[in-house]
1. Please report, in whole Å, how far the alpha carbons of the chain spread along each principal axis, starting with the longest.
2. With each run of n ≥ 4 DSSP H residues scored as -39500 (n - 2.57), what mean residue ellipticity at 222 nm is computed for the chain after dividing by its residue count and rounding to the nearest 500 deg cm²/dmol?
3. Taking 0.36 nm per residue of sequence separation and subtracting the Cα-Cα distance, how much length would be gained by fully extending the chain between Asp18 and Phe39, in nm to one decimal?
4. Pairing the Cα long axis of helix 22-33 with the longest principal axis of the chain, what angle in degrees results, from 0 to 90 and rounded to the nearest 10?
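Just so it is clear, none of the values below were taken in a lab; they were calculated from the coordinates. Every value quoted in this text rests on a predicted model; they were computed, and no experiment measured them.
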Amino acid sequence: MKAGEGKIGRVFVIRLEDGDVLPDCISRFAEERGIKNGFVGGRN
């Protein structure tokens, strides 16, 4: 097993509206804010 630890910097919540396309919204959001990498999670 491999494990790692990190510090959370900025946390964003993006709420999509009807008709929004998830990959497009995430790409546009990241580009507008200069985000180069991140994690996308969801709830079950």
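1. On the principal axes, the chain reaches 40, 28, 15 Å in Cα extent.
2. Helix contribution divided over all residues of the chain: -8500 deg cm²/dmol.
3. 5.3 nm
4. Approximately 70 degrees, to the nearest ten.
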